[in-house]
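Presented below is the structure to which this report refers.
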Amino acid sequence: MVRSVRIVGAGLIGTSIGLALAAKNIAVEMIDVDSRNQALAQDLTGGVSIDEPELIILATPLRALSQVINEQYVLNPNSTFMDVCSVKVEPLQKVKASKLPLKQFVGTHPMAGREVGGAESARADLFLSRSWIITPDAHSDSEAVAKVKWLIDLLGATCVELDAVSHDAAVARVSHLPQITATLLAGSLHGVAPEWLDLAGAGLRDTTRIAASDENLWKEIISSNSQEIKALLTNLHNELGAMIDAVNDEERIAVIMRKGRDGRNLIPGKHGGKAREYTYVPIVIDDKPGQLGAIFNECAAMSVNVEDLVIEHSPGQLNALITLALSADDAVKLSNHLSSIGWNVHPIRK
């Protein structure tokens, strides 16, 4: 439906969209205020110069959005516009205050990213099987909405429609608060003895992974959605207070832990269904190239589906523990097979 796309902003999201579109033989032009970023993104995507783009994707920081909207609309008054900002109320306000007619604009937010940013971190498969929220205004033209939905489908994402206010409330809870808690937890590691950090397992690494995110991106997101986030932080503050009061009371601790476990179980499983109970197969492997590949070749040979995996390394050891999550039947099948051909498989567990 769309044959030419201009992407303004050559960061992780913008360049990833460009790579994905280029792979589908869509003409792409990458623009960025930083000439080095633009040159890299253009080279990566095979970008071309487009005089009249059918679709313009605004992938700039929120602070630059107003200026970019007006500049691009003057140059391209017939184009459809969409943004990819992580909040949706403020971009809509900026569009309403701009020269761009609302009928030509569709707000969007791809629920995808990485803890590393920049064009150099872009991936064409970044949006595969991810949710991509759209927040069309009542004035958005149906043809504009159709173009945006077409692009989302082309990139392998799933379109979810929300209003802007609901979007900001939702992402505050499922994205912004987790980022803040991961950041605070990682920040508490300053001053910890290095030999203690050597003991860190998957739990600490998993819960602090996104703390590696770009502070310049997140200071803007948190500030823009501060009203929603502040309410959640106040509630979290109260929960922390309850935990502090309960540290000497085992029964109260158990209640808090159960609440957390039950809350985690509310997170959907694969394909949006109910979270599944997996069975785990622990395997001790040599810490050398080819081990994981060999195991997954055996999984393919046995036609078992690995749902998740965790790798843990012990300090100073030349081996690692890989734990595969599978259905109960697949776990037994794989465990028996790997044991029979010499892999160091430990008893399966729930």
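The values are calculated or read from the model by the stated rules, or taken from the named source; none is laboratory data. Model, not experiment: these values are computed from the prediction. Neighbour counts run over all protein chains shown; Cβ positions are idealised from the backbone, glycine included. Side chains are part of the model used for accessible areas, which takes the heavy atoms of the whole protein and leaves out ligands, DNA and RNA. Shrake-Rupley method; radii C 1.70, N 1.55, O 1.52, S 1.80 Å.
Data for the structure
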| quantity | calculated |
| --- | --- |
| Heavy atoms of Met257 accessible to a 1.4 Å probe, total area in Å² rounded to 10 | 120 |
| Unsatisfied cross-links (Cα-Cα over 24 Å) in the set Lys24/Lys147; Lys24/Lys103; Lys259/Lys333; Lys219/Lys259; Lys288/Lys350 | Lys24/Lys103; Lys259/Lys333; Lys219/Lys259; Lys288/Lys350 |
| Region 67-172 - Rg over Rh from alpha carbon coordinates, Kirkwood radius | 0.96 |
| Euclidean distance between Cα centres, region 194-253 to region 2-62, Å | 35 |
| Where Ser35, Ser213 fall by accessible area, highest first, once all protein chains stay in place (1.4 Å) | Ser35, Ser213 |
| 15 Å tail of the calculated P(r), region 1-68, as % of Cα pairs | 44 |
| By average C-beta atoms within 10 angstrom, highest first, the peptides 12-18, 1-7, 284-290 | 12-18, 1-7, 284-290 |
| Charge dipole (debye, nearest 20) of the chain; +1 at Cβ of Lys and Arg, -1 at Cβ of Asp and Glu | 500 |
| Loop sites in region 204-298: GluC sites (Glu not before Pro), DSSP, at most 13 other Cβ within 10 Å | Glu277 |
| Antiparallel bridges, percent of DSSP beta bridges restricted to the chain (to nearest 5) | 50 |
| For q = 0.13, 0.14, 0.15, 0.17 Å⁻¹, Debye-computed log10 I/I(0) when each Cα of region 217-350 counts as one equal scatterer | -0.82, -0.87, -0.91, -0.97 |
| For region 24-88, with +1 on Lys and Arg beta carbons and -1 on Asp and Glu, the positive-most of Val28, Gly46, Ile57 along the dipole | Ile57 |
| Region 175-323 - percent of accessible surface contributed by carbon and sulfur, probe 1.4 Å | 56 |
| Carbon + sulfur, % of accessible area of region 1-153 - ligands and nucleic acids excluded, 1.4 Å | 47 |
| All-pairs alpha carbon distance profile, region 4-122, 5 Å steps from 0, percent | 2, 13, 24, 25, 21, 12, 4, 0 |
| D (Stokes-Einstein, µm²/s), Kirkwood Cα radius, region 87-146, 1.567 mPa s at 4 °C | 97 |
| Region 161-255: proportion of alpha-carbon pairs further apart than 22 angstrom, % | 45 |
| Alpha-carbon Rg with Dmax, taken over the chain, Å | 23.6, 70 |
| Heavy atoms of Lys24: accessible area, 1.4 Å probe, square angstrom to 10 | 110 |
